[in-house]
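The values are calculated or read from the model by the stated rules, or taken from the named source; none is laboratory data. Because the structure is predicted, anything quoted here is derived from the model rather than measured. Positions of Cβ are backbone-derived with ideal geometry, glycine not excepted, and every protein chain shown enters the neighbour counts. Protein only, heavy atoms only, side chains kept; ligands, DNA and RNA dropped before computing areas. Shrake-Rupley method; radii C 1.70, N 1.55, O 1.52, S 1.80 Å.
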Amino acid sequence: MMDIVLSAVGSDLVSRFTSFIIQKLQTPVATVDNKTRLKQLLLRAGTIVEEADRRRITNHGILLQLRQLREAMYHGYYRLDTSGIWAAQTKRKVAVSNYKLQIDMANLEATLGGMKEFLQILMHCPPIVHQPYSAYLFMEKCMFGRHAEKEHIINFLLNPCSALDVLPVIGPCYVGKKTLVEHACREEIVHRNFSHILHFNSDDLKNIMNDDYTLDSCRKLGLPNGRFLIVVALVHNTDEVAWGKIYNSLGRLAIGSKAILISEMDQVSSLGTVQALTLTKLQQEEHWYFFRVLAFGSANPYDHHPDLAPIAKEIAREMHGSFMITNTVTRMLRASMNKQFWRRILGYMKKSLDMHILVFGEDLRDDTKSRKRCLSYFHTFRHDSDGPLMLFCEQRYETRSMIQGDITSMKTAEEVLDANDLKHGDKFDVIMQSQIPPYYKYISKCVVQKSTSVYPGNKCLKRKRNQLKS
């Protein structure tokens, strides 16, 4: 009897919440200026997105609608904040900005207007328990975006198969491939579906190539132990050969089992038994929303920090969509909400990117060209008699495990950039740690250089590189 009563009460609450949101969506917006109207629409969109983030959604159509709403919301916030920058510009630029604002506002309004069925289905999706966080802490501790991609992987993992099924996940460096796969694999429903979940990196594959015993161990997984999942990071061409050896060895013993191949190499797409999932970097509007929340929390920057907001837009543009750089820089910005400090950060970021162009002839801000390297030069806040000191980073690697003593001997990026005792020739390791699963630690071996000694073809620079490698 009590179950029936609780069910009736729950259904009534769901019905009331749905009716309230739908009524809000259908209520005409009073005649107000465009910016105020856009703020009202963004508030409504944010309410729906926040509720969707608390639900486990598996319906492909609902995920598609949610993605469209997110994109419309990101564009809306980007346009709202950009309009604040253009307010002090020429009449022509203001007119162009207002026109774009009206287009994004109309798109958001149209998207919200078609959410009735979406909300009705959403409220019947099971809830996911989250701990209460402030806005930026929630963003730091949780995977941003990629909701549809995560559900795509989960659906692949739960879909029955008669032999080893393989999904390649492809994309450039630092777009969150491993993080996405890890979040999908941590779902309880995935754990219940597989008796083993194994992770192989490049070193593991090298051992398999040279050790038949390791390969026999993999083969035994397919015997009496049920379904298993293998997650493989393919970095080199030789890794593909090793994976081929595993795949052929398991054969049809792996009934109902799955494999996910993670790689930056496009040719890995051909190794899948299903179409590859390709990840790209965050779009400009999406990245601005990510940066905006990390830097300012839930506050509107133009209402609470009008002097910082234009600088923030410029800083965000210099980051070319990098999750790791965005997290590191916004932590520094939050520590000092000072206009001069933020301009200083912006200036050093531009100089670092310009130095990369000077040395390597590659502009990391140019999205039309593929990147061969990550940013290798960083301006510090320190100078000597010859000018500013630079931090040159090479030999990067990542790891999931490390001895605590090794970590404490390393420096964080924030400590290095603001260190008082940096000297030309200093060498040390810099560590950046991800705050979300799989909690990778990114290590860079670095040397301090004078900016005046760095230029293309400099023999001294080449010698220092060789010394660093040794």
How large is the accessible surface of M349 in square angstrom, using a 1.4 angstrom probe and rounding to the nearest 10? 30 Å²
Nearest-0.05 FRET efficiency for D303 and L158 at R0 = 35 Å, using Cβ-Cβ distance, is 0.20
Listed pairs K35/K178; K39/K150; K351/K445; K351/K423; K411/K450; K206/K411 exceeding 28 Å between Cα atoms: K35/K178; K39/K150; K206/K411
Taking amide H positions as placed 1.01 Å from N in the peptide plane, with prolines and chain starts having none, which residues 5 or more places from H199, or on another chain, fall under 5 Å of its amide H? V231
With every protein chain kept in the model, how would you rank M319, M410 by accessible area, 1.4 Å probe, largest at the top? M410, M319
Under a 5 Å amide H to amide H cut-off, with H placed in plane at 1.01 Å, what residues pair with E394 once short-range neighbours are removed? K445
Which whole-Hz ³J(HN,Hα) couplings does the stretch 170-180 yield from phi under the Karplus relation 6.51 cos²θ - 1.76 cosθ + 1.60, θ = phi - 60°, glycine and proline marked x? 10, x, x, 5, 6, 9, x, 5, 5, 4, 4
Per-residue counts of other Cβ atoms within 10 Å, averaged by peptide: what ranking do you get for 95-102, 391-398, highest first? 391-398, 95-102
With x for Gly and Pro, the residue-by-residue ³J(HN,Hα) of the stretch 432-439, computed from phi through the Karplus equation 6.51 cos²θ - 1.76 cosθ + 1.60 at θ = phi - 60° and given in whole Hz, is 10, 10, 6, 8, 10, x, x, 6
Packing-ranked peptide list from 167-178, 295-306, highest mean Cβ count within 10 angstrom first, is 167-178, 295-306
